[in-house]
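Encoded as structure tokens, the structure appears first; notes follow it.
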């Protein structure tokens, strides 16, 4: 997108504002992990920079260190991750993820053959596996999942929530145009 995606506007709101609203609609308390944002766009959500307490070499190294940081500081046994560039994930799915993870260490949807690790639920039981994965030099969010008890929500389970299309990742202007059309359809 050529800029921080959190500030990209979709349907009159930033992607960050949309993610905060979705988490709240699902019954969660949003915690923003990332660089500081202006207060109005945070809508009263807590914020933490994943580089807090990390060395310069380890700060802002991608989604896995951010996930690890969020799990460590969220103050709850369950955390539902929602990347701001996934603006179509419905609150009902976020609620289901949180409910299902009570019996597992992680609940991750699979759509289009891909695990949607940034729209998934995790427990503190994942911290050790994440630490081992990071210590090996790896940064893939997928890479630690083989060390924890994972429930994968398959595509047929995702159909009631909108199916594969709810995981549209807004990475390019073309993706934003598709998201705009889908938001218009949902609002109609």
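Identify the residues of the range 168-188 with backbone N under 13 Å of a label point that sits 7 angstrom from the Cα of residue 114 along the Cα-to-Cβ direction, or state none.
Zone members listed by number: 168-172, 175.
Of all the Cα-Cα pairs you can form in the range 5-187, what percent are over 23 Å apart?
Here the long-distance tail beyond 23 Å is 40 percent of all Cα pairs in the range 5-187.
Read the figures in this text as sums done on the coordinates, not as results from a lab. Keep in mind that this is a model prediction, so the values were computed, not measured. Every residue, glycine as well, gets a Cβ built from its backbone with ideal geometry; the counts of neighbours run over all protein chains shown.
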